[in-house]
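*Asks:* Next up is a structure, given as structure tokens.
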Amino acid sequence: MLDTVRAEDRPRPAEAMRTVRTLLGDGRAPAPRPEDVVLREPAPGDLGWIVQRNAALYAAEYGFDVDYEGLVARIVADYAEDHDPHLERTWIAELDGRPVGCVMCVRDDAPGAARLRLLLVEPDARGLGIGDRLVGTLVDFAREAGHREVVLWTNDILGAARRIYQRHGFVLVAEKPHRSFGQELTGQDRRLDLHATPE
């Protein structure tokens, strides 16, 4: 139902729906279900939300400093200023009228390659398969857009994301220790060949 309402108007009906469910039930809002999550294109303000939430969550959960916020801001600004909608896309996961996750598909420097960027799921929305849906949607889009592969760079401490990538067939192609964002990390390059035959 919410996917038929303009993004800027969604918070009001979503809040009304929560109130009705609470009044008709035992006073507690029902637990969210995977089917309650809508994947949509970003609305005005969502790209800023991606920067803010990435910076805040990675600081809280991994101790990342402001350098990470700068990196995210550059990625988002580059996308906002110049992206090809036939080859690049951003998805926002929305639950009850509020964003709870995101992922970006952008062109990579290598010809024919797409790059997965900024996968994020809010802590209170984890366990609903949102990360898996976001990555699956990105992979399907990249394949339909004609990309031959999807690449990504991540860090080994991001265990939940790594498991999602592995489920979708991303393989580790390189690993290197580095100091970034105020932390000692091990960076990982992963790759998904979109033309490979599944085993």
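The values are calculated or read from the model by the stated rules, or taken from the named source; none is laboratory data. Remember, it's a predicted structure, so these values are computed and weren't measured experimentally. Please note: Cβ atoms are built from the backbone with ideal geometry, for glycine as well, and neighbour counts cover all protein chains shown. Surface accessibility is based on the protein's heavy atoms, side chains included, excluding ligands, DNA and RNA. Shrake-Rupley method; radii C 1.70, N 1.55, O 1.52, S 1.80 Å.
*Asks:* Assuming 0.36 nm per residue, please report the length gained on full extension of the stretch residue 193 to residue 110 beyond their Cα-Cα distance.
*Replies:* On the way: separation 83, 0.36 × 83 = 29.88 nm, distance 1.33 nm.
Here the segment from residue 193 to residue 110 would lengthen by 28.6 nm.
*Asks:* Net charge around residue 55, counting only other residues with Cβ within less than 12 Å of its Cβ (Lys, Arg = +1; Asp, Glu = -1)? Walk me through the numbers on the way to the answer.
*Replies:* Details: positive: 53; negative: 61, 65, 67, 69.
Neighbour charge sum, excluding residue 55 itself: -3.
*Asks:* Using 0.36 nm per residue, how much length does the chain from residue 78 to residue 33 gain when fully extended, once their Cα-Cα distance is taken away?
*Replies:* Details: separation 45, 0.36 × 45 = 16.20 nm, distance 3.40 nm.
Full extension from residue 78 to residue 33 adds 12.8 nm.
*Asks:* Carbon and sulfur: what percent of region 25-129's accessible surface (1.4 Å probe)?
*Replies:* Numbers: 2620 of 5130 Å².
Using a 1.4 Å probe with all protein chains present, region 25-129 comes out at 51 percent carbon and sulfur.
*Asks:* Keeping every protein chain present and rolling a 1.4 Å probe, give me the accessible area per residue for region 27-128 in Å².
*Replies:* Values: 4940 Å² over 102 residues.
Heavy-atom SASA per residue in region 27-128 reads 48 Å².
*Asks:* Output wanted: per-residue J couplings in Hz (rounded whole) for region 121-127, from phi through Karplus 6.51 cos²θ - 1.76 cosθ + 1.60, θ = phi - 60°, x for Gly and Pro.
*Replies:* 9, 4, x, 6, 10, 6, x
*Asks:* If you take every residue apart from residue 131 with its C-beta less than 12 Å away from the C-beta of residue 131, what net charge results, scoring Lys and Arg +1 and Asp and Glu -1? Walk me through the intermediate numbers first.
*Replies:* On the way: positive: 126, 133, 162, 163, 167; negative: 122, 132.
So the surrounding residues net to +3.
*Asks:* Label-point separation (nm) for residue 59 and residue 41, each offset 7 Å from Cα along Cα-to-Cβ?
*Replies:* Each label point lies 7 Å from its Cα, and together they span 3.2 nm.
*Asks:* Enumerate by residue number the GluC sites (Glu not before Pro) in region 32-83 meeting two conditions: DSSP loop (anything except H, G, I, E, B), and at most 11 other Cβ atoms within 10 Å of the site's Cβ.
*Replies:* On the way: sites: 35, 61, 69, 81; in loops: none.
Answer in residue order: no site qualifies.
*Asks:* OK, next. May I ask you to order 131-140, 179-188 by the average number of other C-beta atoms within 10 Å around their residues, highest value first? Could you put the intermediate results ahead of the total?
*Replies:* Values: 131-140: 19.0, 179-188: 14.4.
Highest-to-lowest ranking by the protection proxy: 131-140, 179-188.
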